[in-house]
Amino acid sequence: MSDGGERVGKSDDTVGKVYLVGSGPGDPDLLTVKAKRLLEEADVVLHDKLPGPEILGTIPEAKREDVGKRAGGEWTPQEYTNARMVELAREGETVVRLKGGDPTVFGRGGEEMVHLAEEGVPFELVPGITSAVAGPAVAGIPVTHRDHTSSVSFVTGHEDPTKEESAVDWAALADTGGTIVVLMGVGKLPDYTAALREAGMAPETPVALIERATWPDQRVATGTLETIVAVRDSEGIEPPAITVIGDVAGQRERVLEFLEGE
Ligand code: SAH
């Protein structure tokens, strides 16, 4: 044991394993069969709030550890989560690090895999259904469509588009003519919709916001590149939500009456 033997592991020479597991967007029926089995088998589940209330509600309190936002509103530092995964595994525990959607889509799954590899801790990545595709889909919006778009970009809206070296090139995205799916994009919606319009994207381009996709209180709000900020404000849309920008967002109207919960 690397911690000087103060903690008693299951066995001195047994290192546990860490499973980096995607929960899907939130509906427990959209967990993979493997994720469901691992949640049952795990000794400890490290999670944040993104898997949603229904999935978290199925995990016994005694084996849950919240490594998301803490009571004071501060985020648990990534270093803590990294260290905790290693510590538990070295105690011989089977650990599920549960992430919303897919662990590798804006989920730090890449960082956590490298950390575990460097620490010599056995791990396995278990993909999940990303909200970036499932969110639009359950709102009747296919992220690609033969008649509308043959490409889709997944981008973070967290960046400040006015900052000199924004990691997201909104003008280039506008030029692709493809669907743009923005994660973490509620707060900066005014900035990037303006950036896209400045780059020449038509103001009447359909835009949809899907809030808490597949959670019991899912909501969808629609508008255009020009109106969506006002829609967000009047509807009070809050994170977590997906923004879909592109002609495919207009598809929703054509299937509306058959959508779950509409
Ligand atoms: N790994 C996750 C994304 C993590 S980034 C995935 O693959 O889905 C966090 C962002 O994901 C949120 O800000 C929001 O934009 C999006 N998100 C995750 N779950 C969501 C859900 N159920 N409904 C809407 N947006 C969601």
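The values are calculated or read from the model by the stated rules, or taken from the named source; none is laboratory data. All values reported here derive from a predicted model rather than from experimental measurement. Note: ideal-geometry Cβ built from the backbone for every residue, glycine included; neighbour counts use all protein chains shown. Keep in mind that these areas ignore ligands, DNA and RNA; they rest on the heavy atoms of the full protein, side chains included. Shrake-Rupley method; radii C 1.70, N 1.55, O 1.52, S 1.80 Å.
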Whole-Hz ³J(HN,Hα) from phi, Karplus 6.51 cos²θ - 1.76 cosθ + 1.60, for the stretch 251-257, glycine and proline x: 4, 3, 4, 7, 10, 3, 5
Residues meeting the amide H criterion for residue 224 (H placed from the backbone, H to H distance under 5 Å, 5 or more places apart or on another chain) are 207
Identify, among 177, 245, 125, the residue whose Cα sits farthest towards the positive end of the charge dipole of the chain, taking +1 on the Cβ of Lys and Arg and -1 on the Cβ of Asp and Glu, with the dipole about the Cα centre. 125
Calculated from backbone phi, Karplus (6.51, -1.76, 1.60) coupling profile of the stretch 139-149 in Hz, x at Gly/Pro: 8, x, 10, x, 5, 10, 7, 3, 7, 10, 7
Quick calc, the stretch 70-113, dipole around Cα centre from Cβ unit charges on Lys, Arg (+) and Asp, Glu (-), nearest 20 debye, gives 100
Rounded to the nearest 5, the percent of DSSP beta bridges in the chain running antiparallel is 45
Which listed pairs, of 36/69; 34/188; 99/188; 36/188, have C-alpha distances above 31 Å, in listed order: 34/188; 36/188
The stretch 109-135 residues near the modelled residue 58 label - backbone nitrogen below 16 Å, point 7 Å along Cα→Cβ: 127-130
How much of the pair distance distribution for the stretch 132-261 lies past 27 Å, counting alpha-carbon pairs only, in percent? 10
Can you put 75, 215 in order of accessible area, largest first, using a 1.4 Å probe? 75, 215
First compute the accessible area of the stretch 132-261 with a 1.4 Å probe, then give the percent of it belonging to carbon and sulfur atoms. 49
So which aspartates and glutamates can residue 63 reach, going by Cα to Cα under 14 Å and dropping same-chain residues fewer than 8 places off? 40, 41, 43, 48, 93
Show that you can apply the helix-only estimate: for the chain, add -39,500 (n - 2.57) for every DSSP H stretch of four or more residues, divide by all residues, and state [θ] at 222 nm to the nearest 500. -8000 deg cm²/dmol
Can you put 158, 145, 47 in order of accessible area, largest first, using a 1.4 Å probe? 158, 145, 47
What does the accessible area of residue 80 come to, in Å² to the nearest 10, when a probe of 1.4 Å is used? 90
With a 1.4 Å probe and all protein chains in place, put 131, 150, 234, 23 in order of accessible area, largest first. 150, 234, 131, 23
State in Å² the accessible area per residue of the chain; use a 1.4 Å probe, count heavy atoms of protein chains only, and round to the nearest integer. 50
Can you give the charge dipole size of the stretch 132-261 about its Cα centre, rounded to the nearest 20 debye, using +1 on the beta carbon of Lys and Arg and -1 on the beta carbon of Asp and Glu? 320
If you place +1 on the Cβ of every Lys and Arg, -1 on the Cβ of every Asp and Glu, and leave all else neutral, what size is the dipole of the chain about its Cα centre, to the nearest 20 Debye? 400
Return the inverse of the average 1/r over all pairs of distinct C-alpha atoms in the chain, which is the Kirkwood hydrodynamic radius, in Å to one decimal. 19.7
